[in-house]
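The values are calculated or read from the model by the stated rules, or taken from the named source; none is laboratory data. Given the structure is predicted, the values throughout are model-derived calculations rather than measurements. Cβ coordinates were reconstructed from backbone atoms using ideal geometry, including for glycine residues, and neighbour counts include every protein chain displayed. What goes into the accessible areas is simple: the full protein's heavy atoms, side chains included, and nothing from ligands, DNA or RNA. Shrake-Rupley method; radii C 1.70, N 1.55, O 1.52, S 1.80 Å.
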Amino acid sequence: MFKTEFYRKALFQEGIGLNTIQVEEIEGLEKKLNQSFLRIALNYGYVSRKDWKSTLIKNGIEFYQFDYSNLSQIPKGDVIASNLHRFLDLLAFPIHQDENNLEIVVADPSDGININFVEEILGQKVTNILISEDMDILKALHVTYGLEYLDKAVFHIYDKDRDVCAIETFTKSQLIFIGGFITLCLSLFLFFPVSVAIGLNLLLNVLLFFSITFKFLLTLYGSKFEVSKKVSIEELESISDEELPNYTILLPVFKESEVIHKLVYNLKNLDYPLEKLDIKLLIESDDEMTYNAVKNMKFPCVFEPLIIPYAQPKTKPKACNYGLYFSKGKYLTIYDAEDIPDNNQLKLVHSLFKKIPEDYVVIQCALNYFNKKENLLTRLFTLEYSYWFDYMLPGLDNLDVPIPLGGTSNHFKFDKLMELGGWDGFNVTEDADLGLRAYAKSYKVTVLDSTTLEEANNDFFNWIRQRSRWIKGYMQTYLVHMRNPAKLLRKVGIKGFFGFQFFIGGTFFTFLIYPVLLLFLLLIVFLKSQILDLLIFWSPEDTSNQILAYFNVFFPDWLVLVAIFNFAVGNLIMIYVNMIAVFRRKAYSLMLFALLNPLYWLMHSISAYKGLIQLITKPFYWEKTNHGLTKSTKPHSV
Amino acid sequence: MMVKRLIYVLTWLLISAIYLYAAYWLQSRGFFNLEAYFLEYKKIIFHKYSDSLVNTFYFTSPALLFLSSLVFGFTSAVQATFVVNAFLVGALTNHMIHKSVKGQTISPIMVFYLLLSPVIWYGAVSGGSLGFYLIFYFVFFRLLFKYTQTYSVYHLTLISILLGMFFLLDPKLLQLLLILIPVFFFVSFFKAKGISGSFYSRASMIFSNDSQRRKFFGSFFSSIIVVLFIPISALITFLLLNWVFGGSFFYFLFSPTTTWTAYSNLLPFKDDLIYILPYIGDVQYLALFFLLSIFLIYQIFVTENMTEKSFLLTLVLFFAFSQVRNDTLNNLNLNFLSMMTGAAIAASGTLSASRNKEKKMPVPFPLVALIFLSLAFKLLYFEITPVATESRFLSTFKSPQESALLNSISEVKEVTRKLPAGRILVDDAIFFAELTGVPDTYDWEGHFSPSFQQALQHPELYADYLIVTKSHHRLHLDDLVAISLKRLETMGQKPELRLLFENEFLEIHQIKPL
């Protein structure tokens, strides 16, 4: 036991400087939320971890240092594992236990009730108490006793329905189909080279045309509903704090120490009762950078750190899945660390969920960027996101076809999310996949005109990494759901099926095919312009026309015409949809940057090929996107 | 819902069938339209030569009518363009009838007007482009009225798509941007956030505040870009295709086979130049303009608390007037003047947002009187119009007409049927109408034939027959075959010809082979 007694008043009031009202508030929350005093103080904006640590040091307390590599479960480990949530609330870690001794590590030496609870749960008297930082105790609890949840986080989808898990990239039948198709094309090419070349070229052009036209029509359809507000101001104002349910916010981070401070600021701005927010900062156990940043925070935070035990694949969905098992909200959403959601977004979601039928289980909010004018890349990224979230997704929503969810700001009904099994930890665009799985289960997804501002990627290579992951994820999702096309058709219906083909399949297909058609077109224009003859001025031959004549065999005039038309119209359409999207957001200065969209598409193509290679070589590898690179500090209001 | 849709489609088909029958009846009484013949001819040569697919497809004006006629060419009883027009105008009439029956926005008197209006009937049965023009102007102004109510990007985008699509009907439609500019100016003015009050207080707030001024001009110029982008893209794509397949970005301007009026002498007016002359003067054309604009003028005063509607219609009136003033003869036809009809129809169905849509529109006596007056004026227009096809429309309605051109077409048809099939050397930019009657077994050397130039040098090697204009024909000096024959004669290389047939326009010769 302690050699000296510690009193709450001495530590929290005299040491840290909390006033009586604050202490009363914390005690009130303690009872209401059934969590320990220190946990409330640290996670609900009363005490900073740095201050807490200093106070303990000033009181002569030495901290116990865990050796995580040698941590093991005590004999009554199964009791702790089954009461893990309680131990996390108590911030107590039993480090040693035998018949006569029970040694525990706690974070708050002034909280005797916690120790009583531990004794009660384990049925044994505590013989020795050590003190450590709350983060260390949490980490110790998670890495030692969270393995069952970890296993579920990784393999739950696989165990539940392995047909929808991306653990297997290509199924045997898919490999046979792809191999068969290539063999057939090559064989036919040997016998009918011209017909096969024309046929393939035409097929690619037609698919590109349909894919782009589909996107354009979606955009147009989405824009039709831009003036309608799903939740009126009156409806929003009529919501009382009492009726608001608990709301979980998951914040998966990895090596993002720079944005933690901004995160706290943004979360504090949310217009939602703090005691009803269950905010979980998901930190990987080997992410020392973020871990230490949270430990050393100089000001009070409003989230609860949750340490994810190490396991492969190290992906965001796995982290979120793990977080699910510790969530307490009726609704759940995910934000990235740098996100700035509209401050009334949670209330809007609650209000909308109340209005729409029960089968709606997810609401996707719009995403946009606060650093849109930082450089060319962020401008182009903003153009893309504006049309994607303001027009494309509302278009899908109104057409009632599956909506691939965005990475963040998707708000779930928690029970339905659990029913769906959470995210697929092996899919690198787990959000898009989840949207489809929800639809396949006859649940619905809708969009809401509330925006979350994110940090646009401002670095070319970082962008390529991020985009290659997204496109790889789309390929994964496509392959997973196309394992049995007939089954997919049955589940999502004909509209959903074609929506899936064009929106998911069409997206990566267009990026892959784009440079091929561009090269083809440039070659034709180059030859038609006779520049080649000027370059080889010493030759009397009409080389350009000779090559063109040879080309004409494989690519007759009408096909060239189709290709030119397709390519020109396709590019112009994509430029246009980008333009009108930022026009709607009144970001007029970005409109002309839409003209650079063909260049942006080339960047997509680079990412698509990188993603394709990775799909084959390392399908679950999570290309990390670095955040916090922006120099823009003041978010522009949109 | 399904039943309603079915009824909608059935009534559309019924109305279209009535229009189609009327077109057939008119044709049987001697009505014809050279534009329809031209597009029919283009359809025939669509697959005739290796290069013609591309050239025909993209360089036929009006391309939109041509493309539609490819789809609607399922009957040989009437030309495809007549079918297209019947369906298009049928759709417009049907839409208005249904709106009226539902009690939404359209007054029954408007339906009455639509059913009786000679302009609408002409659009439906004339086989030219008027049906498209009417639809275009109706949709364009309908969208514009909507935009002034909602300020939504959706309506702006639709306007842009419409302009981009109908660029293929008439590139001059892009001039409508002149109407849009003031609209965008005022929309940007009134949608400025955080500003309210009178016009002057708004103006002073916008122009005295840097941020507001920037937003205002940003919104104004961006609106123009949004609307212009698709038409300009269509233009660029079109020019690119011209360059790739015609060798010049402006191939379509110089190609003699793009439009049926390619040769300057072949104006679509009545032959008598003296008859046309007064219209080129300052005052007379006003009569024609006025005859068609009266319904629009009335709509300007039926504001329904929508000042923007009156403002827009006034703009239309001024725009049309300035255009007609600017290029009197070319714009003094129904295709152009239909802008006023389309805008007026669109305006008549536009209500203010606050108005109860279930409430039937009252039918004031002045409106009824004006409808009848307007119909009478439109009939008068057809009496005095200088445009030959328009004039022929009314006269054919009154009594069967004889036409030298129709006779010529049927004579060529008869002659070529009797002759053994072969290859004809002909300037098809002049004789496209006659060639539509030539049996399928024939081929010809014309502008789309890759060996047309060689055939003009050595007719005996490339053709069995030739068709050439008579020396007194207006287009004799444009007739490439006639010019070529003269040149060959001068050089002493004219092939030996045997006259097979002649009428007041043309001669058909057999070329003696080498």
Counting DSSP beta bridges with both ends in the protein assembly as shown, the antiparallel % (nearest 5)
40 percent
On a 19 Å Cα-Cα criterion, which of the cross-link pairs A:32/A:152; A:280/A:316; A:229/A:347; B:309/B:378; A:50/A:624; B:102/B:378 come out too long?
A:32/A:152; B:309/B:378; A:50/A:624; B:102/B:378
Kindly point out which whole DSSP H helices in chain B project their C-alpha atoms 27 angstrom or further along the helix axis while averaging a Kyte-Doolittle hydropathy of -1.0 or above.
B:2-28, B:80-101, B:130-150, B:210-246, B:307-326, B:365-384
Hypothetical label at residue A:127: residues of region A:77-115 whose amide nitrogen lies under 18 Å (7 Å Cα-Cβ projection):
A:77, A:93-106
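Using the heavy atoms of the protein chains alone and a 1.4 angstrom probe, what is the accessible area of the protein assembly as shown per residue in square angstrom? Let's see the in-between values first.
On the way: 48010 Å² over 1152 residues.
I get 42 Å² per residue for this part.
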Per the Cauchy relation, a quarter of the hull surface: what is the mean projected area of the convex hull of the alpha carbons in chain B, in nm²?
28.0 nm²
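Top to bottom by accessible area (1.4 Å), largest first, where do B:288, B:64 land? Can you show the working numbers first?
Details: B:288 0, B:64 20 Å².
The residues order as B:64, B:288, largest area first.
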Past 31 Å, Cα to Cα: identify those pairs from A:230/A:495; B:48/B:470; A:314/A:441; A:528/B:413, in the order given.
A:528/B:413
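For the protein assembly as shown, go through all pairs of different Cα atoms, get the mean of 1/r, take its inverse, and jot down that Kirkwood value in Å.
Numbers: mean 1/r = 0.0285 Å⁻¹.
Evaluated over the protein assembly as shown, this radius sits at 35.1 Å.
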Name the GluC sites (Glu not before Pro) in region A:61-161 that are in a loop by DSSP and that have at most 12 other C-beta atoms within 10 Å, would you?
A:62, A:99
Spelling it out for residue A:277: with amide H atoms placed in the peptide plane at 1.01 Å from N, the residues 5 or more places away or on another chain with amide H under 5 Å from its amide H are A:247
Please check region A:547-573 for residues whose accessible area, probe 1.4 Å, is lower by 20 Å² or more when all protein chains are in place than in their chain alone.
A:557, A:558, A:561, A:564, A:565, A:568, A:572
Could you state the angle between the C-alpha long axis of helix A:134-145 and the longest principal axis of the C-alpha atoms of chain A, as a value from 0 to 90 degrees rounded to the nearest 10?
70 degrees
Rounded to the nearest 10 degrees, the helix A:193-223 long axis (Cα) sits at an angle to the longest Cα principal axis of chain A of 50 degrees
To test your reading of the geometry: what angle, between 0 and 90 degrees and rounded to tens, separates the Cα axis of helix A:460-481 from the longest principal axis of chain A?
80 degrees
DSSP-loop chymotrypsin sites (Phe, Trp or Tyr not before Pro) across region B:58-140, with at most 10 other Cβ within 10 angstrom
B:74
So if we plug the beta-carbon distance of residue A:148 and residue A:557 into 1/(1 + (r/R0)^6) with R0 = 60 Å, what FRET efficiency do we get, rounded to 0.05?
0.35
Between chains A and B, what is the buried accessible area summed over both chains (1.4 Å probe, protein heavy atoms, nearest 100 Å²)?
2600 Å²
FRET efficiency estimate (nearest 0.05) - Cβ-Cβ, residue A:521 to residue B:191, R0 45 angstrom
0.65
So for R0 = 41 Å, FRET eff. of residue B:326-residue B:418 from the Cβ-Cβ r, to 0.05, ends up at 0.20
Compare each residue of region A:585-600 in its chain alone against the assembly with all protein chains, and report those whose accessible area goes down by 20 Å² or more; 1.4 Å probe, heavy atoms.
A:586, A:588, A:591, A:592
Give me the percent of DSSP beta bridges within chain A that run antiparallel, rounded to the nearest 5.
30 percent
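Could you please state how large a percent of the accessible area of region A:93-169 is carbon and sulfur, counting protein chains only and using a 1.4 Å probe? Each step should come with its number before you reach the end.
Values: 1430 of 3010 Å².
Heavy-atom surface of region A:93-169 belonging to carbon and sulfur, 1.4 Å probe: 48 percent.
Can you give the extra length, in nm with one decimal, that the chain gains between residue A:232 and residue A:78 once fully stretched, where that is 0.36 nm per residue apart less the Cα-Cα distance?
Length gained between residue A:232 and residue A:78: 50.4 nm.
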